[in-house]
Each structure stands twice: as C-alpha cells, then as structure tokens.
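Notes follow once the structure below has been shown.
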C-alpha cells in the first residue's frame, strides 16, 4: 500500500497547500495579465508565483549556494512537504523523483547562464542541486514527459515502493514561467487572450502558470495525520499514437489509460466519486478528454478542473492538482471549475460550477500532453 | 505572379522540410493539405510564420488560414492582394 | 518475477549502425550528423517523409527503432496497448532548445517556430515511434546524467511484469552541441522469440554498452 505522508504546493495562489485551498475556497484567481516583455511580446494572462515572497521564503534557508528560480521553488516545496511527514530525506530507503518539462530553461539567456556552471541547464543538474540541498543520498529519477510528467512521477514513485526499491519517495515537480514556453505555445496559437476556460463553449486556449508541487509517498501505514488517509491505488499511461501535437480525435489513448487505472485499482467505473480533469482549455484537448470520460462510462461523474485558478503548471501540474484533489477528498468538497460557464464539449459532462459537498472516496486524476501521452491515477481516501 | 509562384514553391519546400520534392513536382493549383504533400496542422502554423516573415502579412485568425493555404495559387493571390 | 528476453538490439553511433552488436552499416567517412542520418535513412529505404520534419534527437531515436523493428512482425503479434516504450537520455532536447531559442532571441527578427518548438520535449521521440508503429501502451522518458542500465532493467522489468508484453527501451542521447550522439535500443519480450537465449538483465545491458563505447 502506498500512502501520502505529506504534501505541498507553491503556485500563484500561495506557498502552502492550506493557503492554496483557502484561496480556492474564496474564489481567488491566480491568473493576472502580464505586460512583461521579457516573457511575451504582447500582454498575456499568466499565473505567476510571487517573486518577492519567493526570495523572502528562500532567504529563511541557511545556504551560501546560489539556486535558480526553479530550484528554489522545488526546494521550498519539498522542505514544507517533509514537515511532519515522518519521512527522513537522508534515509537511503527514501527515493526522490523530479518532474519538469523545461527545467532551468531561463539559463538559455546568456546573462542568466553566466551566473551558473555550464551543466546547470541540464534537467539532471537541477535535480541534483535539489537533492543535495534537501540531503537525500539517492540519484534523483528525473521524468520529463510533457504535461503528464507530474502524474507519471506519482505513478513511478508508487511502483518503486510496491516493488520494494524504496520505502518512501519524495515526488516533486516544478516548471517556471519563461518566454521560451509562452512564445512556443503562442506559435501554436494555443494561448488564450483571456484567462483559460476549461471545457467551456468560449474556450480559446491555455494560460501558462508556474509552480512546484510535492507529494511524499510512503509505505508506512496511516498514523493519524490527515493526508495519510489517502492512498495511491494505481494508474496507467498510454499513447494516442496519432499526432505529436494534436490529441486523438476519439479519446482512445486516455480511455485506455483510465481502464488500466481502474483495473489496477480493482474498481468498476461506477465507484469513482470525482474526476480531476486535465482541462487545458484548448478546443482539442478538452473535447478529447470529454470523449474518453464518456467512453469509460464516467459521463455523469462530478468533474472539475483547476487550471482556471493557477494556469497550466506543465511538469508540476499532475502533482499540484493531485494535492488539490487530496484536499477535496479529505474535506468531501467539490470545488467549482473557475473559468467554466457553459458546456462546450460534445459529451454531457457534469462539470462542477459551484461549491458542493459530497462523500468522496475514489478520485480519478487525468493528464494528457504533447507527444500523444496520457496518464490516469486513482487515489483512495480510507 | 509566375515569379512569386516559383518563389513560394522554393520557400515551402525549405520551410516545411519537404526533402526530395522538387518545385516542378508541386502543381500551383493542387491542394497542399490532405493528399499529395501530406501537410499537417504544424505545417499550417509554419506557413503562417512564413507569410509574416517573408511577406509581412499577419494572419491572426487560423480559420482564415484554411482558405489562404488551400494551394500555392491561393497563397500567391493572397500575397499579391495584401503584401506591404 | 519471470525474466524477459532481448529479441533484438540496434545502435547508432559515430558512423555506424549496429544490429545485435554487429556492424550493419558504416558510412566510413565522418560527416555531420544531418548528412550521416540521411544516408542511414536512404540505406534502409525507410520511406517515411515525416522523418525530415523531425529534430535530430527524434531522427536518431526513430531510425534506431525502425531498424530495430525490421522484420519483427510487431503489429501482427501484439495489440497496441501491449507494447511499451521507455527511453532515457542525458541532454533532454537541449540541442533543439538552442535551435528554437534562435527563433526568438533576436527581437528584431522574432519568428517563433512551431515546427521546432514541438520537438523541445524529450518524450516527442517516443511519440514518433508510437505513431509510426501504432504503439499505445505504457511510455515514459527519463533524463539522467549518465546511462543507468540497472535502472532501465528494473523499470522495464516492472512494466513487463504488470503492464505490457513487449518493450522498446534504451538510451538515445544527442549532445547539446551536436558533437556527440549515440543510441542503443532493445526489443524486450517475455518469450525467447529469437531462440538466442539473451536474457534481459542489468549485467548484459552494462556490458553491451561498454562494448559499444569501446
């Protein structure tokens, strides 16, 4: 059995899980309009982590080393998640997994790069800095698999505990705002001029966010800590095998991943209480997801999407949004999908618009990404 | 117009990495998408970049792109009409 | 846990293509990667025009996989979900990241390229292999400073035990300046299809890689 011993998220909504959930409960949106020409030629909605606060929080850590923005986010997140988790980061039996799409991509800029060693731009180097700072003895396992990286990191952590390689795994993910990413998605005409509207009729693209998330996995049974009631039941990954940037038109890949997750969890679709969808806000992704959900006989299940609050946090998304799902399950709360008003997909999904209470025991978390990849993870609340 | 058509053929061969395709193999009036050259959605986006980079014409609405990029001929007609 | 077998391996390094450890093609002359990889594509008569749109990392991974799968009858024996793909590399897509950066760094000549941007994720090389072969099973891309055959063996074995029946797995690295590239991909199956009794285990993978680099 793989339990959750601790977690943390750092996003445009704040620096702790509690702070994030409080803001979500208060309908606070982390998306702002940025005029910063360093990230975009034209004004664009983005979800940024408060830089001043990031420096202030990080200054509390006694360290003479210089860390990048990405590394600071991840280090702060892991340290907070470890507090009260009962997991010792220096234990050889504690693994560490890091998920990111572009790592220290800001180091492509020569001015930034000159402050660090050449190899720091490598994803494994960023992970190494993080691992060293938190005092873990194992080589980090780095996953870079587009927008499903975070979900994959949870699954790989679960699998490595189940096969006995580790007793605990620190699963952390992070991605930072950059012109690289914004311009790239703009070249795909995939960036919405307004804050994203997942599954909505008026949706017109993604809103990029930045952030970090950490989930501490453990084989230790629950000890009364609130999140240790959550277990990772299983999951699956798949590939649409259709196109490198456009998702499957039928949802077959994601449907298959959902079935793999249900099979490993030993559950019928009927038992799922709540779906935390990927919902990027593009025409194609949301429609594909809707098809997959319906195909898996989950069409009437409550679904929500968090990207309307914090944007698409890329390599951290699967982890951050899973943590939000944990809080939902613990509180038996279905949070509204910010940005959603009118259904804009071909399946009659039950998208949460206002805060609801419901008994939540089994949650399905979905993710899809460039390269045709999909991931589905099932969490259970004891 | 003839010169523009020839130029466009060279440009799309280069920009879209159409290796082993010669300009004489592309018919000006033939559809670029679907069968034939096998162009896809990413190619369509690159054609939008081409239009802006080489001809200073910006296409903001991707739906408009469908008509403009139907064939080399429609592209040439559009450029003649809109070039700066 | 039952063991698996290596049905075939393929490697592209320097001027050579090796299949099952033996040189299958050698351009002899040291040329730039672009020239080299095109000659490999033509030699093996791949006939897949989308190849030319790929970035260098994906070209390397794709061709290694194509040659690996020649004559193996992949689609006849397995359903799409039964085959997985697990690849590891060190530089992620840094070489392509640099190329993309060139399309945005000069603000007076600012034309971000979608065709280059899409390849700035290391899992795209997995996607290309999946699309070509209609492979829909478990897939993942890891990034590590050095190739770790022990880890590859452990993770693929885990998947073979629980999730898939065949795995295309290995190491595909394209260094950021393009000065060095190497790929080593295995076709791993539950049964000893080729009757060569090559067990899929970490020590074989380690030795295989050392032999390659020697």
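The values are calculated or read from the model by the stated rules, or taken from the named source; none is laboratory data. The model shown is predicted, which means the values in this text are computed figures rather than measured ones. Cβ placement follows ideal geometry from the backbone for every residue including glycine, while neighbour counts extend to all protein chains displayed.
So which residues in the range A:161-192 are touching a residue at least 60 places away in the same chain (Cβ under 8 Å), farther than 30 Å from residue A:58 by Cα and assigned to a loop (DSSP other than H, G, I, E, B), if there are any at all? Spell out the reasoning first.
Our first condition is that a residue be touching a residue at least 60 places away in the same chain (Cβ under 8 Å); within the range A:161-192, this holds for A:161-162, A:165-183, A:186, A:190-192.
Adding the requirement that they be farther than 30 Å from residue A:58 by Cα leaves A:161-162, A:165, A:186, A:190-192.
Those that are touching a residue at least 60 places away in the same chain (Cβ under 8 Å), farther than 30 Å from residue A:58 by Cα and assigned to a loop (DSSP other than H, G, I, E, B): A:165, A:190, A:192.
Of all the helices (runs of 4 or more DSSP H) wholly in the range C:37-112, which have at least 1 residues that are within 14 Å of chain A (Cβ to nearest Cβ) and out of contact with any helix residue (DSSP H, G or I) (no Cβ under 8 Å at 6 or more places or on another chain)? Spell out how you get there, then give the answer.
Values: elements: C:56-68, C:74-77, C:94-102.
Here the list reads C:94-102.
Considering the range A:145-179 alone, what residues qualify as being within 12 Å of chain C (Cβ to nearest Cβ) and within 13 Å of the chain's Cα centre (by Cα)?
Once the filter is applied, which keeps residues that are within 12 Å of chain C (Cβ to nearest Cβ) and within 13 Å of the chain's Cα centre (by Cα), the range A:145-179 yields A:145, A:146, A:147, A:148, A:149, A:151, A:152, A:153, A:155, A:175.
Against the condition over 13 Å from the mean Cα position of the chain (by Cα), over 23 Å from residue A:259 (Cα atoms), surrounded by fewer than 24 Cβ atoms within 10 Å (Cβ to Cβ) and in contact (Cβ under 8 Å) with a residue 24 or more places away in the chain, how does residue A:342 come out, does it pass?
So residue A:342 passes the test.
When you scan the range C:22-33, do you find a residue that is part of a helix (DSSP H, G or I), within 14 Å of chain B (Cβ to nearest Cβ) and within 18 Å of the chain's Cα centre (by Cα), even just one?
Going through the range C:22-33, the residues part of a helix (DSSP H, G or I) turn out to be C:33.
Retained after the next criterion (residues that are within 14 Å of chain B (Cβ to nearest Cβ)): none.
Within the range C:22-33 (the criterion being part of a helix (DSSP H, G or I), within 14 Å of chain B (Cβ to nearest Cβ) and within 18 Å of the chain's Cα centre (by Cα)), the answer is no, since none of the residues qualifies.
Just to be sure I understand, how many residues within the range A:193-219 are surrounded by 24 or more Cβ atoms within 10 Å (Cβ to Cβ), in a loop (DSSP other than H, G, I, E, B) and in contact with a strand residue (DSSP E or B) (Cβ under 8 Å, 6 or more places away or on another chain)?
Of the residues in the range A:193-219, 4 are surrounded by 24 or more Cβ atoms within 10 Å (Cβ to Cβ), in a loop (DSSP other than H, G, I, E, B) and in contact with a strand residue (DSSP E or B) (Cβ under 8 Å, 6 or more places away or on another chain).
Hey, residue A:13 hits all of (1) closer than 18 Å to residue A:130 by Cβ; (2) surrounded by 18 or more Cβ atoms within 10 Å (Cβ to Cβ) but one; which does it fall short on?
Among (1) closer than 18 Å to residue A:130 by Cβ; (2) surrounded by 18 or more Cβ atoms within 10 Å (Cβ to Cβ), residue A:13 violates only (1).
Assigned to a loop (DSSP other than H, G, I, E, B), over 15 Å from residue A:172 (Cβ atoms) and under 22 Å from the mean Cα position of the chain (by Cα) - does that describe any residue in the range A:114-124?
There is at least one residue in the range A:114-124 that is assigned to a loop (DSSP other than H, G, I, E, B), over 15 Å from residue A:172 (Cβ atoms) and under 22 Å from the mean Cα position of the chain (by Cα).
Need the failing condition index for residue B:63 against (1) in contact (Cβ under 8 Å) with a residue 12 or more places away in the chain; (2) out of contact with any helix residue (DSSP H, G or I) (no Cβ under 9 Å at 6 or more places or on another chain); (3) surrounded by fewer than 16 Cβ atoms within 10 Å (Cβ to Cβ), just the number.
So the condition that residue B:63 fails would be (1).
Of the residues C:144, C:115, only one is over 20 Å from the mean Cα position of the chain (by Cα) and facing another protein chain (nearest Cβ under 8 Å); which? Steps first, please.
Details: C:144 fails: over 20 Å from the mean Cα position of the chain (by Cα).
So the residue among C:144, C:115 that is over 20 Å from the mean Cα position of the chain (by Cα) and facing another protein chain (nearest Cβ under 8 Å) is C:115.
From the set of residues in the range A:125-144 that are more than 8 Å from every other protein chain (Cβ to nearest Cβ) and in a loop (DSSP other than H, G, I, E, B), which is surrounded by the most Cβ atoms within 10 Å (Cβ to Cβ)?
Going through the qualifying residues, I end up with A:140.
Looking at the range B:33-56 only, could you name the residues that are in contact (Cβ under 8 Å) with a residue 12 or more places away in the chain, over 16 Å from residue B:7 (Cα atoms) and in a loop (DSSP other than H, G, I, E, B)?
B:37
Only residues that are within 14 Å of chain C (Cβ to nearest Cβ) and surrounded by fewer than 23 Cβ atoms within 10 Å (Cβ to Cβ): list them for the range A:112-121, please.
Filtering the range A:112-121 for residues within 14 Å of chain C (Cβ to nearest Cβ) gives A:112-113, A:117-121.
Within the range A:112-121, A:112, A:113, A:117, A:118, A:119, A:120 meet the criteria.
Condition test on residue C:131, is it at the interface with another protein chain (Cβ under 7 Å from one of its Cβ atoms), in a helix (DSSP H, G or I) and at pLDDT 95 or above?
Details: at the interface with another protein chain (Cβ under 7 Å from one of its Cβ atoms): yes; in a helix (DSSP H, G or I): yes; at pLDDT 95 or above: yes.
Yes; evaluated as a whole, the condition is true for this residue.
Can you name the number of the only condition in (1) surrounded by 13 or more Cβ atoms within 10 Å (Cβ to Cβ); (2) modelled with pLDDT under 95 that residue A:63 fails?
(1)
Yes/no matrix, rows are residues, columns are (1) under 18 Å from the mean Cα position of the chain (by Cα); (2) on the phi > 0 side of the Ramachandran plot; (3) within 14 Å of another protein chain (Cβ to nearest Cβ):
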{"residue": "A:230", "(1), (2), (3)": "yes, no, no"}
{"residue": "A:237", "(1), (2), (3)": "yes, no, yes"}
{"residue": "A:241", "(1), (2), (3)": "no, yes, yes"}
{"residue": "A:273", "(1), (2), (3)": "no, no, no"}
{"residue": "A:299", "(1), (2), (3)": "no, no, no"}
{"residue": "A:303", "(1), (2), (3)": "yes, no, no"}
{"residue": "A:315", "(1), (2), (3)": "yes, no, yes"}
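Okay, residues lined up against (1) away from chain C (no Cβ under 14 Å); (2) in contact with a strand residue (DSSP E or B) (Cβ under 9 Å, 6 or more places away or on another chain); (3) crowded, with 16+ Cβ neighbours inside 10 Å:
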residue	(1), (2), (3)
A:27	yes, no, no
A:31	yes, yes, yes
A:37	no, no, no
A:47	yes, yes, yes
A:52	yes, no, no
A:55	yes, no, no
A:58	yes, no, yes
A:68	yes, no, yes
A:78	yes, yes, yes
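Given the condition without any contact (Cβ under 8 Å) to a residue 40 or more places away in the chain and crowded, with 22+ Cβ neighbours inside 10 Å, answer yes or no: does some residue in the range C:42-55 qualify?
No: zero hits.
Based on what the data block shows, is residue A:20 surrounded by 12 or more Cβ atoms within 10 Å (Cβ to Cβ), assigned to a helix (DSSP H, G or I), in contact (Cβ under 8 Å) with a residue 24 or more places away in the chain and assigned by TED's automatic domain parsing to the domain that holds residue A:94?
Values: surrounded by 12 or more Cβ atoms within 10 Å (Cβ to Cβ): yes; assigned to a helix (DSSP H, G or I): yes; in contact (Cβ under 8 Å) with a residue 24 or more places away in the chain: yes; assigned by TED's automatic domain parsing to the domain that holds residue A:94: yes.
Here the answer is yes, as residue A:20 does meet what is asked.
Does residue B:38 count as closer than 24 Å to residue C:119 by Cα, at pLDDT below 95, facing another protein chain (nearest Cβ under 10 Å) and surrounded by 17 or more Cβ atoms within 10 Å (Cβ to Cβ)? Walk me through it before giving the result.
Numbers: closer than 24 Å to residue C:119 by Cα: yes; at pLDDT below 95: yes; facing another protein chain (nearest Cβ under 10 Å): yes; surrounded by 17 or more Cβ atoms within 10 Å (Cβ to Cβ): no.
Spelling it out, it is not the case that residue B:38 is closer than 24 Å to residue C:119 by Cα, at pLDDT below 95, facing another protein chain (nearest Cβ under 10 Å) and surrounded by 17 or more Cβ atoms within 10 Å (Cβ to Cβ).
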